[in-house]
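None of the figures in this text is laboratory data; all of them are computed from the coordinates on show. The model shown is predicted, which means the values in this text are computed figures rather than measured ones. All Cβ positions, glycine included, derive from the backbone under ideal geometry; neighbour counts span all protein chains shown.
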Amino acid sequence: MDRRIDKTAVIEAPLSEVWRAWTTTEGVQSFFAPSAWVELVHLGWGEGEEWDATLAYLESAWSVMLSRLVERYRSGPIDWSSL
């Protein structure tokens, strides 16, 4: 099984700014999760039903994350206190 997720988003912002939003705690808190904590680690994919379920979940979740990232640069960071 090809364990890869391919997604595309067009974001109207400089690459370095989008990279900070995607890869830092403060950045992720600005568009996706108010209590996020980010530590970049990639350990690869395993095998089995649990990994299949994880991949299926992430396939969907990444679409949500990317749409929120696009919206973050259209409308500004999410004000979590107003929700």
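Say we look at segment 56-76 and pick out the residues that are more than 14 Å from the chain's Cα centre (by Cα) and without any contact (Cβ under 8 Å) to a residue 60 or more places away in the chain; which of these is farthest from ALA13 (Cα to Cα)? Going through the qualifying residues, I end up with ALA56. Among the numbered conditions (1) among the aliphatic types (A, V, I, L, M); (2) without any contact (Cβ under 8 Å) to a residue 60 or more places away in the chain; (3) out of contact with any Phe, Trp or Tyr (no Cβ under 6 Å at 6 or more places or on another chain), the only one that VAL10 does not meet is (2).
If you go through segment 34-53 and keep only what is free of Cβ contacts under 8 Å to residues at least 12 places away in the same chain and not in a loop (DSSP other than H, G, I, E, B), you end up with GLU49, GLU50, ALA53.
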